[in-house]
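The values are calculated or read from the model by the stated rules, or taken from the named source; none is laboratory data. All of these numbers come straight from a predicted model, not from anything done at the bench. Every residue, glycine as well, gets a Cβ built from its backbone with ideal geometry; the counts of neighbours run over all protein chains shown.
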Amino acid sequence: MIKKIPVIDLKQHQAVSGKSGMRDTYQPLNTVFAPSANPVDIAQGLRLNGADEMYIADLDLIESKGHNINDIKMVNTIIPVMFDGGVKNCESFEFFLNYAYKVIIPTETLESIEEMEKIFEKYPKERIVVSIDTKNNELLANHLDLSLSDLKEILLRLNPNEIILLDITGVGTEKGYNKKLLEEFSELKDKLIIAGGLNRDSLGELESLGIKKVLIGTSLHSGEVKLLD
């Protein structure tokens, strides 16, 4: 069975939801797992419903507008957290290891491939997740001058345990997974965690293709998709 990893985004100590990465428009999250948008309440609800891991993005930290890392540390005591805090380099990766079980290296914020290589040299792969951030089928990277194909070759060499394939354009839309993007990275299929716009139908399709894990937010929090069905 495909593993569904619940997703929340944090902004000013609340879980928030929105579409297509337009972060300024995000609103407090309504979820079937808790009566409020408090991340600790949501984590407790998810744990009671069988979650054994969750993904949290700290939007304030990613955009340099503050942070929610103490909330993340608290959630990590309830459910192990896969954390996106906008890692830039090896130093920031090391800092975030104090707050979460796994730390994400996102292409959006990474300063250089050399910094990613340093992380892989220094830390166990069990605690590293690479996120291939894409928008409109192109690599989203503030500092890297790479094509998707270039990045694929680098990842084949580094051989991470887990790679998030994130279509930011699809976030919150429930339109289904990005088939073109998945085809681009089919050589890394066994390591991929598919994210962005997933709905009930796409889960069945991805499972038939051999995908083992997905990140799921909107359709899970609405109750359309069950965590363990």
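Please find, among Ile78, Ile104, Ile132, the residue that is of a type in the set (A, V, I, L, M, F, W, C) and over 20 Å from Asp167 (Cβ atoms). Can you show your working first?
Working: Ile104 fails: over 20 Å from Asp167 (Cβ atoms); Ile132 fails: over 20 Å from Asp167 (Cβ atoms).
Only one candidate passes the filter, namely Ile78.
Given (1) without any contact (Cβ under 8 Å) to a residue 60 or more places away in the chain; (2) surrounded by fewer than 19 Cβ atoms within 10 Å (Cβ to Cβ); (3) more than 16 Å from Glu108 (Cβ to Cβ), identify the lone condition not met by Glu207.
Answer for Glu207: the failing condition is (1).
Can you tell me which residue among Lys73, Lys152 is farther than 18 Å from Ile5 by Cβ, touching an Asp or Glu at 6+ places or on another chain (Cβ under 8 Å), modelled with pLDDT of 95 or more and part of a helix (DSSP H, G or I)?
Lys152
Six or more apart or on different chains, Cβ atoms under 9 Å: show the pairs whose first residue is in region 36-56 and farther than 21 Å from Ile104 by Cβ and whose second is aromatic (Phe, Trp, Tyr).
Asp41/Phe33; Gln44/Phe33; Gly45/Phe33; Leu48/Phe33; Asn49/Phe33
Quick one: is Ser131 among the hydroxyl-bearing types (Ser, Thr, Tyr) and without any contact (Cβ under 8 Å) to a residue 24 or more places away in the chain?
Here the answer is no, as Ser131 does not meet what is asked.
Would you pick out the residues in region 48-65 that are modelled with pLDDT of 95 or more and loosely packed, with under 14 Cβ neighbours inside 10 Å?
Scanning region 48-65 gives Leu48, Gly50, Asp52.
If you check Ser131 against the conditions, is it assigned to a helix (DSSP H, G or I) and under 29 Å from Gln44 (Cβ atoms)?
Spelling it out, it is not the case that Ser131 is assigned to a helix (DSSP H, G or I) and under 29 Å from Gln44 (Cβ atoms).
Keeping to region 26-63, report how many residues are part of a helix (DSSP H, G or I) and among the polar types (S, T, N, Q).
1
Report the residue count in region 77-91 for those that are buried (at least 20 other Cβ atoms within 10 Å of the Cβ) and polar (S, T, N, Q).
Count: 0.
So which helices (runs of 4 or more DSSP H) are wholly in region 174-229 and hold at least 3 residues that are at pLDDT 95 or above, within 24 Å of Leu156 (Cβ to Cβ) and among the small types (Gly, Ala, Ser)?
Qualifying helices (runs of 4 or more DSSP H): none found.
Tell me the residue from Leu215, Leu182 that is in contact (Cβ under 8 Å) with a residue 40 or more places away in the chain and within 18 Å of the chain's Cα centre (by Cα), please.
It is Leu215.
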